[in-house]
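*Asks:* Here you go, one structure.
The values are calculated or read from the model by the stated rules, or taken from the named source; none is laboratory data. For clarity, every value in this text was computed on a predicted model and none was experimentally measured. Note: ideal-geometry Cβ built from the backbone for every residue, glycine included; neighbour counts use all protein chains shown.
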Amino acid sequence: MTASAGRGRDAFAEIMTMPAPSSNTPAADHLLDFVFADVWQRPHLSRRDRRFVTLACVADADAEQPLRDHVYGALNSGDLTIVEIQESVLHFAVYAGWPKASRFNMVVDEQWHRIHTERGLPVPAPEPLLPLSTPSDPEQRLTTGEQSFRDINCLPYAPLRDNPYQGAGILNFVFGEMWLRPGLGMRERRLITVACVAFQDAPLPILSHVYAALRSRDLSFDEMDELTLHFAAHYGWPKASHLQGVVAEQKQRVSAEWAGEAGSGS
């Protein structure tokens, strides 16, 4: 075994909290030597940060065993709590779809039970879902959603309430509740969202969410570049190439806006 292969196997075991697989093919070799020994060890994103990006990728990819393994590793390592990963499932549902999130949620339950069985412990009672921290009054909730949309997207406007998609969906739920829920911070939600919009083929969400993550400073330029590399390793280079192009464009846009604000003293 080469030194590189040894590092890869050790890194896999530490990250995934299970023994590394046999490396007898080029794909398996480079999974260990590049993805785990190199990408997961790089600076700018923590191992916990990388969990959120990875989980979104494997949940969308319809890869059963990688999804099970990464959910298990995230929980068994203690990098993510059960509340954080369950909240990640809800956030993923909005940006990648409820059918895929349903499977993701089933795997989370399955692996949570597995971990407690392995440890000889009872599964704890779930955290209470109510009360919500967001308003229950319909008008207040829509108003909250409008302000949240502006704040999160770094825009001076919000969508009109003139159809169910924008009113009941975007304003009432997505920005009136989900982005404001306490289970995850804004940074974690940015990581999940950017990964999700990167594997979709919708042209506007990837522009708006990369822009907002950078403009808000929730993710730095270096962190966004690192997210792109991590995304490439877990979802594929063609989609990551498009993401990298969008990131480059939005860096220029944000830099120009910051320079303009500095020049005007605002």
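*Asks:* Looking at region 172-198, which of its residues are in a loop (DSSP other than H, G, I, E, B) and touching a Phe, Trp or Tyr at 6+ places or on another chain (Cβ under 8 Å)?
*Replies:* F175
*Asks:* Separate question: Which residue out of A74, A63 is modelled with pLDDT of 95 or more and of a type in the set (G, A, S)?
*Replies:* A74
*Asks:* Follow-up. Look at region 41-51 and say how many of its residues are crowded, with 17+ Cβ neighbours inside 10 Å and in contact (Cβ under 8 Å) with a residue 60 or more places away in the chain.
*Replies:* Going residue by residue through region 41-51, those that are crowded, with 17+ Cβ neighbours inside 10 Å are 45, 49-51.
Within this subset, residues satisfying the condition of being in contact (Cβ under 8 Å) with a residue 60 or more places away in the chain are 45, 49-50.
Within region 41-51, residues that are crowded, with 17+ Cβ neighbours inside 10 Å and in contact (Cβ under 8 Å) with a residue 60 or more places away in the chain number 3.
*Asks:* If you go through region 115-131, how many residues are part of a helix (DSSP H, G or I) and surrounded by fewer than 16 Cβ atoms within 10 Å (Cβ to Cβ)? Show your work before the answer.
*Replies:* Narrowing region 115-131 to residues part of a helix (DSSP H, G or I): 115-119.
After this cut, where a residue has to be surrounded by fewer than 16 Cβ atoms within 10 Å (Cβ to Cβ) as well, the list is 116-119.
So the count comes out to 4.
*Asks:* Then there is this: Quick check on S102: is it among the hydroxyl-bearing types (S, T, Y), on the phi < 0 side of the Ramachandran plot and touching a Phe, Trp or Tyr at 6+ places or on another chain (Cβ under 9 Å)?
*Replies:* On the way: among the hydroxyl-bearing types (S, T, Y): yes; on the phi < 0 side of the Ramachandran plot: yes; touching a Phe, Trp or Tyr at 6+ places or on another chain (Cβ under 9 Å): no.
Judged against the criteria, S102 is not a match.
*Asks:* Read through the list (1) surrounded by fewer than 19 Cβ atoms within 10 Å (Cβ to Cβ); (2) modelled with pLDDT of 95 or more; (3) assigned to a helix (DSSP H, G or I), then give the number of the only condition that A28 fails.
*Replies:* (2)
*Asks:* Within region 23-43, does at least one residue satisfy the condition of being of a type in the set (S, T, Y) and within 27 Å of M186 (Cβ to Cβ)?
*Replies:* no
*Asks:* I'm trying to understand the selection: among the residues of region 132-171, which are in a loop (DSSP other than H, G, I, E, B), loosely packed, with under 15 Cβ neighbours inside 10 Å and within 23 Å of the chain's Cα centre (by Cα)? Outline the logic, then answer.
*Replies:* Kept after step one, since they are in a loop (DSSP other than H, G, I, E, B), are these residues of region 132-171: 132-137, 154-163.
Subsequent filtering for residues that are loosely packed, with under 15 Cβ neighbours inside 10 Å retains 132-133, 136-137, 155-157, 160, 162-163.
L132, S133, L155 - these are the residues of region 132-171 that are in a loop (DSSP other than H, G, I, E, B), loosely packed, with under 15 Cβ neighbours inside 10 Å and within 23 Å of the chain's Cα centre (by Cα).
*Asks:* If you don't mind, another one. Considering region 209-241 alone, what residues qualify as being part of a helix (DSSP H, G or I), surrounded by fewer than 16 Cβ atoms within 10 Å (Cβ to Cβ) and either small (G, A, S) or in contact with an Asp or Glu (Cβ under 9 Å, 6 or more places away or on another chain) (or both)?
*Replies:* Within region 209-241, S241 is the sole residue that qualifies.
*Asks:* Here's a follow-up. Looking at (1) more than 23 Å from L191 (Cα to Cα); (2) in contact (Cβ under 8 Å) with a residue 12 or more places away in the chain; (3) assigned to a loop (DSSP other than H, G, I, E, B), find the lone condition where E110 falls short.
*Replies:* Tallying (1) more than 23 Å from L191 (Cα to Cα); (2) in contact (Cβ under 8 Å) with a residue 12 or more places away in the chain; (3) assigned to a loop (DSSP other than H, G, I, E, B), E110 fails exactly one: (3).
*Asks:* Now for a separate question. Report whether or not E257 is crowded, with 17+ Cβ neighbours inside 10 Å and at pLDDT 95 or above. Give the derivation first.
*Replies:* Working: crowded, with 17+ Cβ neighbours inside 10 Å: no; at pLDDT 95 or above: yes.
Against the criterion (crowded, with 17+ Cβ neighbours inside 10 Å and at pLDDT 95 or above), E257 does not qualify.
*Asks:* Show the residue pairs meeting these rules: Cβ distance below 6 Å; 6+ apart or different chains; first residue within region 247-265 and within 12 Å of F221 (Cα to Cα); second residue basic (K, R) and surrounded by 13 or more Cβ atoms within 10 Å (Cβ to Cβ).
*Replies:* V254/R215
*Asks:* For I152, all conditions in the list (1) of a type in the set (A, V, I, L, M); (2) modelled with pLDDT of 95 or more; (3) more than 29 Å from R47 (Cβ to Cβ) hold save one; what is the number of the exception?
*Replies:* Among (1) of a type in the set (A, V, I, L, M); (2) modelled with pLDDT of 95 or more; (3) more than 29 Å from R47 (Cβ to Cβ), the lone unmet condition for I152 is (3).
*Asks:* Residues of region 179-235 being hydroxyl-bearing (S, T, Y), under 25 Å from I82 (Cα atoms) and over 12 Å from the mean Cα position of the chain (by Cα), which ones?
*Replies:* Y235
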